[in-house]
Structure formats: C-alpha cells, structure tokens
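Data first, discussion second: the structure below is written as structure tokens.
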Amino acid sequence: MTWTFTEDVTVFLDAAGAALAARPAENTLLLTVTAKLRDTGPGAYGTEPPLLGWWCAPDGEVAGTLVQTPPFPPILGASAPEAAVALLDALALPGVNADRGTATVFTARWPRHRVEEELRLYRLGTLVPPTPPPAGRGRVATLADRDLLVDWIHAFGQEIGQPAGRARTNVDERVSRGGLTLWEVDGEPVSLAGLSPRLAGMVRVTTVYTPPEHRGRGYAAAVTARVSAAAREEGAREVLLFTDLANPTSNGVYRRIGYEAVSDRLVITADSG
C-alpha cells in the first residue's frame, strides 16, 4: 500500500480524522495540530505549507498518519510498522517525531542520526492535589494579562528550545477560550499552565511554566492540578501531558499529582553527514 499526501487539512481529516479520534491519546499531537490548521489556516505554524499524509492497510483502514508543519519535524500518529517502512520509501525525511516503537524503524534505516528529545506521555488517573497546598490560588487568565503571558511563553519556548513564534496571537486565541490559567500569591502571578481544546474527548496540559525566582514552592504542581481538575469537570475523558525525560523534576511532579505513564516519543534528526 502507498501513502497519500495533501496540503489540505480538510481532505486529510475527511480521510483520516476518524482514525485519529479512535485513538486520541496516541494521536494527541496530530489532533491538536490539525485542529489549529483547520481553524486558523495553513500558515498557523509558519510560512511553508503543511504536509499531511495517511496510509491504508490492505483492509482499507487508515493505519498510518503524518503531519508536518515546517520547520518542525514530521509527527507520526499511531502507525503500523509497515506504514513507517512505506513512508521511508515514499519521502526523504529530515527527521521524525514518533513513538519509541515506530522510531526504531527509522533509526534502523538511519545509521547516522541524533535523538534530539525524548518525551513521555502521561494520562491523568486519580487526581491528587498537592498536600499541603502552596500559598495562593488559581484563576483563568484574561486579556489584561496579555503582556505577562507573552513574556512567559517566550521564556518557556527558550527553555525548551522551541521559539514561541506568534506568541501574542496565540495568547489571544488561548485566552479567548479560557485556555490559560495563572497561579497567584497575594495577587502576583507566579506560575502558568494551559489546556488544549477538547478534541475526541481529549485535552492536553501545555505550557507549564514557573519563572526561576518562584520555583521550588509547589506552584507548578498546584496550577497543573487546577487545570487538570477543570478539564475533568468540563467533560474530558482523557487528560494528557508530555514531559521531557531529561527533566526528572517535572516527571516527579506530575506522577505525584496522579499522572500515569502511557508511552514515550522520540524526536530524531537524520544525519546525512
């Protein structure tokens, strides 16, 4: 079987949207990226058009999906090994963001490669708010917080090595749907967490950031617990988040408040040198 590619997110979702929604945890990144492309247009992530693809198994079912928004590497959704092999034959890829099992298909064909990042996907089990709770309280951010939010999202992007392009536009969109929450102490914001839109019953906690001067006091755990509880209250069946496996502190924080490991993803760059 062969891959089918398009730059049109509507065409892609008509063909593969049901397959993505059937496995929302494994496909969380593709669900959120394609929703943003659908809602804001092909320039949502950069000036180059996106590349979207799907692969059908012999029975006609979609068993492989890909979304690339340059300059970011292609993201693979839940994919059969045969789909990954066929993708390597179909495209000269610069790298890939894939679950650990699928990534081995690529590393076997790329004897020279770099693992840029290892991520762990967590799913919320039983929420355990921090005990004792830190000082302060959470509140949903508003447009009055815009300058602070833009500054913090830029700082967050610098820390994780991903420039926060179009931060002001992104802040406005996320604030408009109540998607950013601040933790405050005596009226001063000290930590931030976001939620993705609910798609196929899934939401993902994103952009958890505490400025260095406020770290070590439990604020990140508290604001993450606050948005996680809100997601559950609003009907999300799956509440997810990603962590960098190189950061044992954040992995420990999320496990303590009830998040359970699901799977790992690798971001790999093919080295042609």
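Say a paramagnetic label sat at a point 7 Å from the Cα of V185, along Cα to Cβ; which residues of region 128-158 have their backbone N under 16 Å from it? The answer is 130-139, whose backbone nitrogens lie closer than 16 Å to the label point.
Between T2, T126, A63, the Cα set farthest toward the positive side of the dipole of the chain (charges on each charged residue's Cβ, about the Cα centre) is that of T126.
Applied to region 16-31, the Karplus parametrisation 6.51 cos²θ - 1.76 cosθ + 1.60 on θ = phi - 60° returns per-residue 3J(HN,Hα) values of 10, x, 5, 5, 5, 5, 6, 9, x, 5, 5, 10, 4, 5, 5, 4 Hz, with x for Gly and Pro.
Taken one residue at a time, the phi angles of region 201-217 give Karplus couplings (6.51, -1.76, 1.60, θ = phi - 60°) of x, 10, 10, 10, 6, 9, 6, 7, 9, 10, x, x, 6, 10, 7, x, 10 Hz. Gly and Pro are set to x. Mind checking which of P111, P81, P132 has the largest fluctuation in a GNM of the chain, springs on alpha carbons under 10 Å? Ranking P111, P81, P132 by mean-square fluctuation puts P132 first. The accessible surface of region 123-272, taken with every protein chain in place and a 1.4 Å probe, is 50 percent carbon and sulfur. Applying the criteria of a DSSP loop state and at most 16 other Cβ atoms within 10 Å to the GluC sites (Glu not before Pro) of region 181-260 yields E234. For the chain, the solvent-accessible area with a 1.4 angstrom probe is 47 square angstrom per residue. With all protein chains in place and a 1.4 Å probe, the accessible surface of region 39-95 carries 60 percent carbon and sulfur. The gain in end-to-end length when the Q158 to F72 segment is fully stretched comes to 29.4 nm, 0.36 nm per residue minus the alpha carbon separation. In this structure, A229 and D14 have a Cβ-Cβ separation that, at R0 = 25 Å, corresponds to a calculated FRET efficiency of about 0.10. Taking θ as phi - 60° and the Karplus parameters 6.51, -1.76 and 1.60, the scalar couplings of region 91-98 work out to 9, 8, 8, x, x, 7, 10, 8 Hz in sequence order, x denoting glycine and proline. Of all beta bridges that DSSP places with both ends in region 155-270, some 70 percent have antiparallel geometry.
Could you compute the FRET efficiency for D147 and R237, with r as their C-beta to C-beta distance and R0 at 22 Å, rounded to 0.05?
About 0.05, to the nearest 0.05.
Among the trypsin sites (Lys or Arg not before Pro) in region 211-269, those placed in a DSSP loop whose Cβ has at most 14 other Cβ atoms within 10 Å are R215, R237. Helix 100-109 versus the longest principal axis of the chain: what is the Cα-based angle in degrees, 0 to 90, to the nearest 10? Tilt relative to the chain: about 40 degrees.
Between helix 167-176 and the chain, what is the angle of the helix's C-alpha long axis to the longest principal axis, kept within 0 to 90° and rounded to the nearest 10? The helix 167-176 is inclined about 70 degrees to the chain.
Extending 7 Å from the Cα toward the beta-carbon at both R256 and R23 defines two label points whose distance is 3.4 nm.
Computed from label points 7 Å out along Cα-Cβ, the spacing between R137 and T104 is 5.1 nm. Pick from A92, A15, A222: which residue has the top mean-square fluctuation in a GNM of the chain where Cα pairs under 10 Å get a spring? Among A92, A15, A222, the largest GNM mean-square fluctuation belongs to A92. Among I257, I75, I160, the largest mean-square fluctuation in a Gaussian network model of the chain, built with springs joining Cα atoms closer than 10 Å, belongs to I160. Here the label points at E213 and N247, each 7 Å from Cα along the C-beta direction, are separated by 2.1 nm in the simple model.
The values are calculated or read from the model by the stated rules, or taken from the named source; none is laboratory data. The shown structure was predicted, so the numbers you read here are calculated from the model rather than taken from an experiment. Cβ sites come from the backbone with ideal geometry, for glycine too, and all protein chains shown count toward neighbours. These area figures cover heavy atoms from the full protein model, side chains too; ligands, DNA and RNA do not enter into them. Shrake-Rupley method; radii C 1.70, N 1.55, O 1.52, S 1.80 Å.
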